[in-house]
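A quick write-up on the structure given underneath.
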Amino acid sequence: MIRAFGYNEFLFLLSAVQWTLLLSAIAFIGGGIVGLFVALGRTSDVKPLRWLATGYIQVFQGTPLLMQLFLVFFGATVMGIDMSPWVAAALGLTLNTSAFLGEIWRGCIQSVPRGQWEAASALGLRYPGLMRYVILPQAVKVAVPPTVGYLVQVIKGTSLAAIIGFVELTRAGQIVNNATFQPFLVFGIVAAIYFALCWPLSLLSQRLEARYAAPTR
Amino acid sequence: MAVMSEPMSADVVIRMEGVQKWYDHFQVLKDIDLEVHRGERIVICGPSGSGKSTLIRCINQLERHQKGRITVNGVELGPHHRQLDTVRREVGMVFQSFNLFPHLTVLENCMLAPLKVRGVTKDEAKATAIRYLERVRIPEQADKYPGQLSGGQQQRVAIARSLCMNPKVMLFDEPTSALDPEMVKEVLDTMIGLAEDGMTMLCVTHEMGFAKSVAHRVIFMDRGEIVEQNTPEEFFTAPKSERTRSFLGQILAH
Ligand SMILES: Nc1ncnc2c1ncn2[C@@H]1O[C@H](COP(=O)(O)OP(=O)(O)OP(=O)(O)O)[C@@H](O)[C@H]1O
Ligand SMILES: [Mg+2]
């Protein structure tokens, strides 16, 4: 039974946006927390930590996100864990985001001049204090624009969760299309909604970058 | 000059014995023996790449030495954090490039280490910071950011920041080399003030006027070795080694 695309279908798509946003938020926050440790590992003086962080980043950057979601989802099933698409998507996206944010932030940490580490060490600050009060505050300034920019990738990445059956915006689009058979219209609207979410963030990222690139004071 | 006539106590603050350091196969420090007494002021000079920075950076272990012993204030620098912390608390360092923390105000720059390393109260840290900012004659800049100050002012803040930790020894690595000529004097005057108060100082510098008026001892380094050390009078008027003579010839020619 074929329905026409109408107001109800549009509302259904819109209400799916909340799941896209929620999944993005979880991936971004979880990925940010794990990513901070990945970045610290990558810039550590301790060789094994550095190797571990490097390996982690290479695995997640070197394989498709979709495969990572598959591996988490089906891997859990193989290991006898009953994992809902929800949890699998959140976990997979968190891991993936942490690798990318970790690598972005590594660059930001390393952009802080060596002299800052030396001055702080010479004053007697140990690693935690040195990082917290001297290095990270300076790295954060550099990190804000690319991090906001990467949020766009996270939002778009959540669309892959559709394939393991999690109903977010893309999956909602598929469901509506199966009922209406108007793929161009439906996916056009879905794409427009993604654009409406991502475009402001891209603009913001560019603005921030211009602001931080401008000579301060 | 008045600075020279102060008594110099006999106890040793820094002792380096047979210190050696390599970068891969390149030996930067060859068998360095050095004793610095309390209240003593030493100027280290020598050609570029001779190991001057490396030597003083070994004292607070910004660089690790591979052989020999370094003792600071009776604490021998070993592989443990504990000794490193003790030593770094006692030893202040001023860099050629100032290295102020750009995201903190001048006052915050001076308060950070006392608060986080010494654990003093905020009021105490602030009082100390203001006292030393007055001493380097820039209390009025306390709420500015480093980027808003001139080079000479930044370097004076860097000196004040170190002093806030109440160090027993101050290390200076070419503190005036990055400055415009008109700002050199204000920084040297600050250092002379420190000398007058009896601070133990090791200064890598090519400011020979400063060396003559302030140093008890001038050390000449070349290729990782201490080639010659003497009082400034002897050092400048009767250098013993050929290498020293040719070096002095070069810098005094400018
Ligand atoms: N991290 C490093 N890795 C390899 N070689 C280094 C490193 N740091 C310094 N060196 C080398 O060690 C030697 C001594 O360097 P150092 O900075 O102590 O010299 P310096 O006397 O302070 O010179 P300058 O007057 O130019 O500051 C130089 O030849 C330098 O190239
Ligand atoms: Mg040097």
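The values are calculated or read from the model by the stated rules, or taken from the named source; none is laboratory data. Quantities reported herein were computed from a predicted structural model and do not represent experimental measurements. Note that we place each Cβ from the backbone using ideal geometry, even for glycine, and neighbour counts take in every protein chain shown.
On the basis of being within 14 Å of another protein chain (Cβ to nearest Cβ) and within 16 Å of ligand 2 (Cβ to nearest atom), does residue B:89 make the cut? It is false that residue B:89 is within 14 Å of another protein chain (Cβ to nearest Cβ) and within 16 Å of ligand 2 (Cβ to nearest atom). Here the condition is being of a type in the set (Ser, Thr, Tyr) and facing another protein chain (nearest Cβ under 10 Å); of A:133, A:150, it holds for A:133 alone. Listed conditions (1) more than 8 Å from chain B (Cβ to nearest Cβ); (2) touching an Asp or Glu at 6+ places or on another chain (Cβ under 9 Å); (3) surrounded by fewer than 19 Cβ atoms within 10 Å (Cβ to Cβ) are all met by residue A:165, apart from (2). Annotation: of all residues in the range B:6-58 being away from chain A (no Cβ under 14 Å) and part of a helix (DSSP H, G or I), the one that is nearest to ligand 2 (Cβ to nearest atom) is B:52. Among the numbered conditions (1) modelled with pLDDT of 95 or more; (2) in contact with a Phe, Trp or Tyr (Cβ under 8 Å, 6 or more places away or on another chain); (3) within 14 Å of another protein chain (Cβ to nearest Cβ), tell me where residue A:112 comes up short. So residue A:112 meets the others, but not (2).
Within the range B:61-81, the set of residues being within 11 Å of another protein chain (Cβ to nearest Cβ) and surrounded by fewer than 20 Cβ atoms within 10 Å (Cβ to Cβ) comprises B:61, B:63, B:81. Residues in the range B:110-167 that are of a type in the set (D, E, K, R) and surrounded by 21 or more Cβ atoms within 10 Å (Cβ to Cβ) were compared, and the one that is farthest from the other protein chains (Cβ to nearest Cβ) is B:156. Given the structure, is residue B:107 part of a helix (DSSP H, G or I), in contact with a Lys or Arg (Cβ under 9 Å, 6 or more places away or on another chain), more than 9 Å from chain A (Cβ to nearest Cβ) and under 30 Å from residue A:141 (Cβ atoms)? The answer is yes for residue B:107. Listed by position, the strands (runs of 3 or more DSSP E) contained in the range B:140-254 that have at least 2 residues being away from ligand 1 (no atom under 16 Å from the Cβ) and over 30 Å from residue B:115 (Cα atoms) form an empty set.
Okay, residues lined up against (1) modelled with pLDDT under 95; (2) part of a loop (DSSP other than H, G, I, E, B); (3) under 28 Å from residue B:110 (Cα atoms):
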| site | (1), (2), (3) |
| --- | --- |
| A:117 | no, no, yes |
| A:120 | no, no, yes |
| A:124 | no, yes, yes |
| A:128 | no, no, yes |
| A:139 | no, no, yes |
| A:161 | yes, no, no |
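In the range B:59-79, the qualifying residues are those that are of a type in the set (A, V, I, L, M, F, W, C) and in a loop (DSSP other than H, G, I, E, B), and the one that is nearest to ligand 2 (Cβ to nearest atom) is B:62.
Within the range A:181-217, restricting attention to residues that are part of a loop (DSSP other than H, G, I, E, B) and within 14 Å of chain B (Cβ to nearest Cβ), the residue that is modelled with the highest pLDDT is A:214.
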